[in-house]
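Remarks on the structure that follows.
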Amino acid sequence: MRDATFCVLDLETTGGNRTDDMITEIGVVKVRGGECLGTFHTLVNPGRAIPPQITVLTGLTDAVVQTAPRIESVLGSLVDFLGDAVFVAHNASFDLGFLRAALARDDRADYRPTVVDTAALSRRLLRDEVPNCRLGTLASRLRLDHSPTHRALDDALATTDLLHLLIERASGLGVLGLDDLVTLAKLAGHPQSPKLTMTAALPRTPGVYLFCGHRDEVLYVGKATNLRQRVRSYFGRDDRRRIGPMLREMQQVQHLELPDPLSAEVVESRLIARMLPRYNRAGTRADKYCYVRLDVDMPWPRLAVVREPSARGVHLGPLPSRSTAHLVVEALQSVAPLRRCSTRLGASYVPPADATPCSAAQLGVSQCPCAGRADRSTYDTAVLITRRAMTGDATVVADRLTGKMADLAAAQRFEEAALVRDRLSALLGAIRRDQLVQALRGAGHATVRRGETTWTVDNGRLIDTTVSGEVGRALPVDPPAPAEPGRPVDRRQIDEALCLARYFDKHAGSLEVRECSGQWLFPVGASDDMPRLDRPAHALQAVVVPSVAAESTPVTALPSLASTPSATTAPS
């Protein structure tokens, strides 16, 4: 902070309303490194009478300010004096509000500086030592060199003394930079604030932080673009239910400094997958990931949700939960009438003469080959539609589900329409995930550059990261084992693969591919005949469920997609 320039400002006004009241006096003190660089002081003619109560408080009368310049002629010099310095005031919102209102009335550019409020800092650092945090009380109790007199320059000088004292106090909490000081002023009184000293050694660079408890148990792993700022933010107004207990258990903060935010996100996912910290939720549930499988090698293929992929069949996933997987299955079964029973049907299977169709077949929503009630041509068409959807071409399924959703909404069957929407959204999201991961794996061994950073990826894994001017280095955590060729990506590798694929897809236009042993397919596009697969929740119009009192409100249904001819050929 010794290199930061602070402008400590105080205003006297005709009242407390920034819209109707006017400035009567301006005082500014510019300091850097504890030394005064200059002052700015002037009276201002408000163009209106000064109320008696203001005269009693400040001593300013109409006669005193009669010959003073108007605020319009002062603003230019004041803005030049302030420059890009940090704006400091006691109750900064008052002084900054009046200054910005004056600039707006004079049609000048808006003023939005970095702000330090000494009143907020005092409440944060000194509240237990003084009866209140008024400037006069603080100057008296803390024996500042200058005393406020309700005159602009005197008050600015007293505020400058207070600022220097607060910076000295804040350094005991590990506040060594301007960003720390600005953040500290916004922190509420936190019961774990003494632990802020643990953040003193954290750099302001990308990386991964680890909150550790007793016996070095890792409680939580997180990533950050600015390690110091992110960790200190936990001591602010973060009121998530799990934060308080976690900070109470925390005994130390460890960190890994990394070249860029992408590497930090990858290392975070690897550490979470291996350590399974108690306070992490995302990334610790890989054992619950699952796949949707279509066993196309069987005479009568069916869909199933499985925990591990098999050597045969078509797979979609891994998906983040069984509930998501079941929504995907329901979306496909809503269009393709595949059998839903789990009976094993071999090539020589002969249905019993008295076999009863399953309930889904009796409702007319599925074929039932186990009861001898299935048409081979119709079933092969259903298998083809399903297989195409699971491998990326969901046009037929999306078209039919969208039409069904629109019909249900038009019939005011909103709950059913919302269920169709959720199924379609889950399907499109699963396909999008699969497309991104397959594009990343299809690149093989690739070296990609963006700006000053170069990444080396191999079979969906980040191998190392290099920043221009530095020696390339491997990541501090080894990558997972690569997936076998032709097999779906492993459940324990999907988080890292999606992290890389989404980044490359988002920034595809600014990437330079220097080496690629496979095929570079980013950005991964979607068919013009389908909703956007990268943002299914936004691609689908929301089906609103109105209240009983609003049943007469018209509902806009999702427009139909381009019609797609049904597949008629059997799968090879």
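Just wondering, is there one or more residues in the stretch 14-31 that are hydrophobic (A, V, I, L, M, F, W, C), at negative phi, touching a strand residue (DSSP E or B) at 6+ places or on another chain (Cβ under 9 Å) and surrounded by fewer than 18 Cβ atoms within 10 Å (Cβ to Cβ)?
No, because not a single residue in the stretch 14-31 is hydrophobic (A, V, I, L, M, F, W, C), at negative phi, touching a strand residue (DSSP E or B) at 6+ places or on another chain (Cβ under 9 Å) and surrounded by fewer than 18 Cβ atoms within 10 Å (Cβ to Cβ).
From the list 359, 323, exactly one residue is closer than 28 Å to residue 399 by Cβ, open to solvent by 40 Å² or more (accessible area, probe 1.4 Å), under 35 Å from the mean Cα position of the chain (by Cα) and hydroxyl-bearing (Ser, Thr, Tyr). Which is it?
Being closer than 28 Å to residue 399 by Cβ, open to solvent by 40 Å² or more (accessible area, probe 1.4 Å), under 35 Å from the mean Cα position of the chain (by Cα) and hydroxyl-bearing (Ser, Thr, Tyr) holds for just one of 359, 323, which is 323.
Please identify the pairs in which a residue from the stretch 117-130 that is closer than 15 Å to residue 86 by Cβ has its Cβ atom under 6 Å from the Cβ atom of a residue that is at pLDDT 85 or above, counting only partners at least 6 apart or on another chain.
117/92; 118/90; 118/159; 118/162; 118/163; 121/166
So which pairs qualify, if the first residue must be in the stretch 192-217 and within 11 Å of residue 232 (Cβ to Cβ) and among the aromatic types (Phe, Trp, Tyr), the second must be part of a strand (DSSP E or B) and open to solvent by 20 Å² or more (accessible area, probe 1.4 Å), the Cβ gap must be under 7 Å, and the two must be at least 6 apart or on different chains?
Qualifying pairs under 7 Å: 209/253; 209/255.
Can you pull out the residues in the stretch 19-32 that are in contact with a Lys or Arg (Cβ under 8 Å, 6 or more places away or on another chain) and charged (D, E, K, R)? Step through it out loud before you land on a result.
Quick first cut of the stretch 19-32, residues in contact with a Lys or Arg (Cβ under 8 Å, 6 or more places away or on another chain) only: 22, 25, 27, 32.
Correct list: 25, 32.
Out of (1) open to solvent by 20 Å² or more (accessible area, probe 1.4 Å); (2) in contact with a Phe, Trp or Tyr (Cβ under 7 Å, 6 or more places away or on another chain); (3) under 22 Å from residue 320 (Cβ atoms), the odd one out for residue 492 is which?
(2)
Give 462, 440, 424, 475 a once-over and let me know the one that is within 30 Å of residue 334 (Cα to Cα) and hydrophobic (A, V, I, L, M, F, W, C). Let's see the steps before the verdict.
Values: 462 fails: within 30 Å of residue 334 (Cα to Cα); 440 fails: within 30 Å of residue 334 (Cα to Cα); 475 fails: within 30 Å of residue 334 (Cα to Cα).
Being within 30 Å of residue 334 (Cα to Cα) and hydrophobic (A, V, I, L, M, F, W, C) holds for just one of 462, 440, 424, 475, which is 424.
Find all pairs meeting these conditions: Cβ atoms under 7 angstrom apart; at least six residues apart or on different chains; first residue within the stretch 387-403 and at positive phi; second residue part of a helix (DSSP H, G or I) and open to solvent by 10 Å² or more (accessible area, probe 1.4 Å).
Every condition considered, the pairs that remain are 392/435.
Would you be able to tell me the number of residues in the stretch 49-67 that are free of Cβ contacts under 8 Å to residues at least 40 places away in the same chain and either of a type outside the set (Val, Ile, Thr) or surrounded by 17 or more Cβ atoms within 10 Å (Cβ to Cβ) (or both)?
The initial filter retains those residues of the stretch 49-67 that are free of Cβ contacts under 8 Å to residues at least 40 places away in the same chain, namely 49-53, 55-56, 61-64, 66-67.
In the following step, the residues that additionally are either of a type outside the set (Val, Ile, Thr) or surrounded by 17 or more Cβ atoms within 10 Å (Cβ to Cβ) (or both) were identified as 49-53, 62-63, 66.
Total satisfying the criteria: 8.
Just for the stretch 196-219: of the residues that are within 24 Å of residue 170 (Cα to Cα) and β-branched (Val, Ile, Thr), which one is nearest to the chain's Cα centre (by Cα)?
Looking at residues that are within 24 Å of residue 170 (Cα to Cα) and β-branched (Val, Ile, Thr), I get 205.
Here are some residues: 477, 467. Which one is of a type in the set (Val, Ile, Thr) and either within 22 Å of residue 274 (Cα to Cα) or in contact with a helix residue (DSSP H, G or I) (Cβ under 7 Å, 6 or more places away or on another chain) (or both)?
After applying the criteria, what remains is 477.
Criterion first (open to solvent by less than 50 Å² (accessible area, probe 1.4 Å) and of a type outside the set (Val, Ile, Thr)) does residue 104 satisfy it? I'd like the intermediate steps shown before the answer.
On the way: open to solvent by less than 50 Å² (accessible area, probe 1.4 Å): no; of a type outside the set (Val, Ile, Thr): yes.
Here the answer is no, as residue 104 does not meet what is asked.
Condition check ((1) open to solvent by less than 30 Å² (accessible area, probe 1.4 Å); (2) among the small types (Gly, Ala, Ser); (3) modelled with pLDDT of 90 or more) across all residues:
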| site | (1), (2), (3) |
| --- | --- |
| 258 | yes, no, yes |
| 283 | yes, yes, no |
| 292 | yes, no, yes |
| 304 | yes, yes, yes |
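Can you confirm whether the stretch 414-433 contains a residue that is open to solvent by 80 Å² or more (accessible area, probe 1.4 Å), more than 25 Å from the chain's Cα centre (by Cα) and modelled with pLDDT of 90 or more? If you could, list the steps in order and put the result at the bottom.
First, pick out the residues of the stretch 414-433 that are open to solvent by 80 Å² or more (accessible area, probe 1.4 Å): 415-416.
Next cut, more than 25 Å from the chain's Cα centre (by Cα) only: 415-416.
Applying the additional criterion that residues be modelled with pLDDT of 90 or more yields 415-416.
Yes: one or more hits.
Under 6 Å between Cβ atoms, which residue pairs at least 6 apart in sequence (or on different chains) link something in the stretch 310-339 that is within 21 Å of residue 493 (Cβ to Cβ) and of a type in the set (Ser, Thr, Tyr) with a partner that is open to solvent by less than 30 Å² (accessible area, probe 1.4 Å) and assigned to a helix (DSSP H, G or I)?
324/426
Taking only the stretch 260-281 into account, find how many residues are over 22 Å from residue 488 (Cα atoms), in a helix (DSSP H, G or I) and open to solvent by 10 Å² or more (accessible area, probe 1.4 Å).
5
Collect the residues in the stretch 427-472 that are of a type in the set (A, V, I, L, M), without any contact (Cβ under 8 Å) to a residue 60 or more places away in the chain and touching a strand residue (DSSP E or B) at 6+ places or on another chain (Cβ under 7 Å), keeping them in residue-number order.
457, 463
Determine if the stretch 137-157 includes at least one residue that is hydroxyl-bearing (Ser, Thr, Tyr), modelled with pLDDT under 95 and outside any helix (DSSP H, G or I).
Within the stretch 137-157, one or more residues are hydroxyl-bearing (Ser, Thr, Tyr), modelled with pLDDT under 95 and outside any helix (DSSP H, G or I).
Looking at the stretch 216-235 only, could you name the residues that are surrounded by fewer than 17 Cβ atoms within 10 Å (Cβ to Cβ) and part of a loop (DSSP other than H, G, I, E, B)?
Hits for the stretch 216-235 are 217, 225.
Taking residue 343 as the residue in question, decide whether it is touching a residue at least 12 places away in the same chain (Cβ under 8 Å) and not in a helix (DSSP H, G or I).
Values: touching a residue at least 12 places away in the same chain (Cβ under 8 Å): yes; not in a helix (DSSP H, G or I): yes.
Against the criterion (touching a residue at least 12 places away in the same chain (Cβ under 8 Å) and not in a helix (DSSP H, G or I)), residue 343 qualifies.
Check off (1) farther than 24 Å from residue 499 by Cβ; (2) modelled with pLDDT under 90; (3) surrounded by fewer than 21 Cβ atoms within 10 Å (Cβ to Cβ) for residue 339 and give me the number that stays unchecked.
Condition not satisfied by residue 339: (3).
The values are calculated or read from the model by the stated rules, or taken from the named source; none is laboratory data. Just so it is clear, the structure is predicted and the values come from calculations on it, not from any experiment. With ideal geometry, Cβ positions are generated from the backbone for all residues, glycine too; neighbour counts draw on all protein chains shown. Heavy atoms of the whole protein, side chains included, go into the accessibility calculation; ligands, DNA and RNA do not. Shrake-Rupley method; radii C 1.70, N 1.55, O 1.52, S 1.80 Å.
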